[in-house]
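For reference, the structure is listed below as structure tokens.
The values are calculated or read from the model by the stated rules, or taken from the named source; none is laboratory data. Predicted model only: the values in this text are computed from it and were never measured. Here the Cβ positions follow ideal geometry from the backbone for every residue, glycine too, while neighbour counts run over all protein chains shown.
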Amino acid sequence: MKKPLLVVSSLLIASALTFAQAVPGSNAQPQQPQTQQPANQNAGPEAAKKTPNKAMAYYHYALAHMYEELVAIYQRTEFANRAIEEYKLAIENDPTSEFLNAGLAELYAKTGRIRDAVLEAQEILKRDPNNVDARRLLGRIYLRSLGDLQGGTQSQEILRRAIEQYEAIVRLQPTSIEDRLLLGRLYRINNDTAKAEEQFRESVKLDPKSDDAVTTLAYLYNETGQAKRAEELLLAIPEAQRSGKLYGALGYTYEQQREYKKAIEAYRKALDQDKDNLDLLRSVAQSLMSDGQNDAALEQYKIIIDADPQDPQTHMRMAEIYRRTGRFDQALASLDKAQAYVQDSLEVPYNRAVILQAQGKFDEAIQILNTLAQKTEKADGKYSPGERNNRAVFLERLGSLYRDTGKQQLAVDAFRKMLPLGDENAARGYQELIETYRQAKHWQQATAVAEEAVKALPNDRLLRLAFAQQLADAGQMDAGISQARAMLKGGPEDREVYLSLAQIQGRLRKYKEAEESLNKALALSKRPEERDYALFVQASLLERQKKYDEAEAVFRKLLASDPNNAMVLNYLGYMLADRGTRLEESLQMLKKAVQLDPQNGAYLDSIGWAYFKMGNYELAEQNLLRALERVPGDPTIHDHIADLYARTGRLKLAAGHWERALEEWNKSAQADSDPVEIAKVQKKLESAKVKLARQQPRKAADASTAKP
């Protein structure tokens, strides 16, 4: 292998020497090449100045280039050092050559001598600030350094330097689309969306047919909640000119708008042009899942596994489908396959815990999550952003499981561990703590934690709104509403405030004010998910006012957008069942909701109530008892199971549950207590007691006449 290389190297040297001899005035000697020296070593500065010897410079450059090739092949340090020496000799013979200086800087970068590369490039820029090659080299070095860092002040400084270089490059070469796109991406990393958009838009202007320019701008629009603008941009390209890359971006854009059928169609067109692209096939499968076509998605994932059996993410997606459709054993088997390819994965055991939770195997799920929480704990409390987020996810799921299994103090302890993780993780920890105390009906503790959260994170708007709601629920209605109103700024951020106001006012039965607040929130909702949540609140307010037809219309609109929205399926299904309307349709909705979240106590109560309304008392009791096990302090569930016991002749059991329902309502916040419903339960309990009292003498008489 070495012989051909030596031949090539000899040819390089020979050609360099030949060139050196051919240049007029050259002093190069083939037998003993040497650099030109000043005739008088003791001469002054003017005499010491050398005339550039381009022939010798080329000779040494040729040798440097040869050694660079050897470095690329053998990765040996001595070849790198010889290449650097030859570059320096070449520069000595032609000090003004920016080409040679840039070559040396590039070699420093390639061989890992980053500091030398930076210094060399900076020296070039001192002499020639418009040297694009030197700026590109510096820019690339900063980009590589940025990839090695994980946030912090140093990372921000490197990002600033990279932006500075590419801003200069774009200024010097304004028609370079590649550099504009790179500069725009750097702006995006720096959260300067306006400047990023400016660069991307300019790139599209320079070449409206550039796939890179058009798709990059489209993805930016999607990231900033402007999916319609992204769609318009992509559809402006004639269909005959759309590449697979453009169709892929279009599919993603439709996904952001929850138009999954259109997304599937666009992804399939992208696949027509790039049939072996597994990423596109994954996108098709994901859109099919989002559209509720689980079996069709599963078929696509099986095709991916046939092509790439060692893809752990696809095994995990298959596990998710199996979990959603209640095939828990197959879900766990898919996770086992994923585990084989990612031995130290945290994601696989976490998903295993989610499946075990769905199976109702809470102790096993808790054990796994405890292990994950311990594994991700650091004694010094220093975490990277990714480590903080992972740990917060594990602790949040663990705390929720403790809370759902009645272990309140353990739940509180888990959520408290989220607080030192800071930022969003701490905010979520406080939100979960508030919810834990609310579910336990410990209203004073909930309010105290909300107040603590606001003091700890005074700039977190959601926590301030949670505190406002706690004040309202604690009977300080005016204080709660005033606190929320004080947060209004007259901008897009007011959406969250108006939503909270609508919910507080709705709970206080101030429906006119709630509708006004909600309409303002809807006007500020730009993203599909924002609008959908606001519509859900609107539908629930309409239902509370007994405007059932209007509420149903809004719920159905939401289901058209997302057929797998379990909250909507449950709410609409229960609303229909409670009124005895279209019970079969109601049951199908509730079955789907329970399939999506099998251990949700509210969903189990809803489906149990639907079975009760249909006269299927066996399935009604089975589901209502499971619901009661999940949420033992819910007065509505106690009322429902009491109705079932009364209907099936178990009056004493019914009376006991009606009494418990009244006890739980007495513990509830004033806004959660419906006087009309409470009066109905009180009446049913009194009637049951009268009937039971009448039965006592009859039983006593029967006992006295019974034969010994």
Filter pass, Arg323 being among the charged types (D, E, K, R), modelled with pLDDT under 95 and either in contact with a Phe, Trp or Tyr (Cβ under 9 Å, 6 or more places away or on another chain) or within 22 Å of Asp404 (Cβ to Cβ) (or both): yes
Could you figure out which of (1) crowded, with 18+ Cβ neighbours inside 10 Å; (2) more than 18 Å from Met575 (Cβ to Cβ) isn't true of Gly490? (1)
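Name the one entry in Leu181, Leu146 that is under 25 Å from the mean Cα position of the chain (by Cα), farther than 23 Å from Tyr252 by Cβ and not acidic (Asp, Glu). Talk me through it step by step, then tell me what you get.
Numbers: Leu181 fails: farther than 23 Å from Tyr252 by Cβ.
Answer to the selection: Leu146.
Quick one: would you say Glu231 is over 24 Å from the mean Cα position of the chain (by Cα) and part of a helix (DSSP H, G or I)? Break it down stepwise before answering.
Working: over 24 Å from the mean Cα position of the chain (by Cα): no; part of a helix (DSSP H, G or I): yes.
Against the criterion (over 24 Å from the mean Cα position of the chain (by Cα) and part of a helix (DSSP H, G or I)), Glu231 does not qualify.
Does Asp295 satisfy being out of contact with any strand residue (DSSP E or B) (no Cβ under 8 Å at 6 or more places or on another chain), surrounded by fewer than 22 Cβ atoms within 10 Å (Cβ to Cβ) and closer than 30 Å to Tyr247 by Cα?
On the way: out of contact with any strand residue (DSSP E or B) (no Cβ under 8 Å at 6 or more places or on another chain): yes; surrounded by fewer than 22 Cβ atoms within 10 Å (Cβ to Cβ): yes; closer than 30 Å to Tyr247 by Cα: yes.
Yes: the conditions hold for Asp295.
For Phe536, are the conditions met, namely being surrounded by fewer than 20 Cβ atoms within 10 Å (Cβ to Cβ), aromatic (Phe, Trp, Tyr) and within 30 Å of Asn666 (Cα to Cα)?
Details: surrounded by fewer than 20 Cβ atoms within 10 Å (Cβ to Cβ): yes; aromatic (Phe, Trp, Tyr): yes; within 30 Å of Asn666 (Cα to Cα): yes.
So Phe536 passes the test.
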Over segment 238-256, the set of residues over 19 Å from the mean Cα position of the chain (by Cα) and buried (at least 19 other Cβ atoms within 10 Å of the Cβ) is Arg242, Leu246, Tyr247, Gly248, Leu250
Restricting attention to segment 257-273, does a residue exist that is among the basic types (Lys, Arg), surrounded by fewer than 14 Cβ atoms within 10 Å (Cβ to Cβ) and outside any helix (DSSP H, G or I)? no
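Which count do you get for residues in segment 401-425 that are assigned to a helix (DSSP H, G or I), in contact with a Gly (Cβ under 9 Å, 6 or more places away or on another chain) and in contact (Cβ under 8 Å) with a residue 40 or more places away in the chain? Full working, then the answer.
Quick first cut of segment 401-425, residues assigned to a helix (DSSP H, G or I) only: 401-404, 408-416, 419-421, 423-425.
If we keep only those that are in contact with a Gly (Cβ under 9 Å, 6 or more places away or on another chain) as well, we get 404, 410-416, 419-421.
From what is left, the residues that are in contact (Cβ under 8 Å) with a residue 40 or more places away in the chain are 404, 414.
Result for segment 401-425: 2.
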Which count do you get for residues in segment 333-365 that are buried (at least 17 other Cβ atoms within 10 Å of the Cβ), more than 24 Å from the chain's Cα centre (by Cα) and closer than 18 Å to Ala411 by Cα? 1
Within segment 181-208, of all residues that are under 17 Å from Arg160 (Cα atoms) and of a type in the set (Gly, Ala, Ser), the one surrounded by the fewest Cβ atoms within 10 Å (Cβ to Cβ) is Ala194
Of the candidates Ala479, Ala472, the one satisfying the condition of being among the hydrophobic types (A, V, I, L, M, F, W, C), at pLDDT below 95 and crowded, with 16+ Cβ neighbours inside 10 Å is Ala472
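Answer yes or no as to whether Ala593 is in contact with a Phe, Trp or Tyr (Cβ under 9 Å, 6 or more places away or on another chain) and within 27 Å of Ile637 (Cβ to Cβ). So that I can check it myself, show each step before the final result.
Numbers: in contact with a Phe, Trp or Tyr (Cβ under 9 Å, 6 or more places away or on another chain): yes; within 27 Å of Ile637 (Cβ to Cβ): yes.
Yes.
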Test Asn370 against the stated conditions and say whether it is touching a residue at least 40 places away in the same chain (Cβ under 8 Å), in a helix (DSSP H, G or I) and either out of contact with any His (no Cβ under 7 Å at 6 or more places or on another chain) or closer than 18 Å to Asp597 by Cα (or both). no
Write out, first by first residue and then by second, each pair whose Cβ atoms fall under 6 Å of each other, whose residues are 6+ apart or on separate chains, and whose first residue, in segment 508-532, is farther than 20 Å from Asp562 by Cβ and at pLDDT 90 or above while the second is polar (S, T, N, Q) and not in a helix (DSSP H, G or I). Tyr511/Gln545
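Results for (1) part of a helix (DSSP H, G or I); (2) at pLDDT below 95, shown as yes or no for each residue.
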residue: His657; (1), (2): yes, no
residue: Ala671; (1), (2): yes, yes
residue: Ser704; (1), (2): yes, yes
residue: Pro708; (1), (2): no, yes
Residue set Leu298, Leu288; condition part of a helix (DSSP H, G or I) and under 20 Å from the mean Cα position of the chain (by Cα); output residue Leu288
Can you go through Leu604, Leu662, Leu619, Leu624 and tell me which one is over 25 Å from Gln357 (Cα atoms) and part of a helix (DSSP H, G or I)? Leu662
Right, Arg229: within 30 Å of Arg180 (Cα to Cα) and without any contact (Cβ under 8 Å) to a residue 40 or more places away in the chain or not? yes
Restricting attention to segment 521-530, which residues are crowded, with 19+ Cβ neighbours inside 10 Å and of a type in the set (Lys, Arg)? none
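The rows are residues; the columns are (1) buried (at least 18 other Cβ atoms within 10 Å of the Cβ); (2) at pLDDT 90 or above; (3) over 27 Å from Glu78 (Cα atoms).
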site	(1), (2), (3)
Lys126	no, no, yes
Leu137	yes, no, no
Arg144	no, no, no
Gly151	no, no, yes
Gln173	no, yes, yes
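Counting only residues that are of a type in the set (D, E, K, R) and either touching a residue at least 40 places away in the same chain (Cβ under 8 Å) or part of a helix (DSSP H, G or I) (or both), which one in segment 378-400 is nearest to Arg626 (Cα to Cα)? Please lay out each step first, then the result.
Within segment 378-400, the subset of a type in the set (D, E, K, R) is 378, 380, 382, 387-388, 391, 396-397.
Narrowing the set further to residues that are either touching a residue at least 40 places away in the same chain (Cβ under 8 Å) or part of a helix (DSSP H, G or I) (or both) leaves 387-388, 391, 396-397.
Details: Glu387: 36, Arg388: 35, Arg391: 31, Glu396: 24, Arg397: 21 Å.
Looking at residues that are of a type in the set (D, E, K, R) and either touching a residue at least 40 places away in the same chain (Cβ under 8 Å) or part of a helix (DSSP H, G or I) (or both), I get Arg397.
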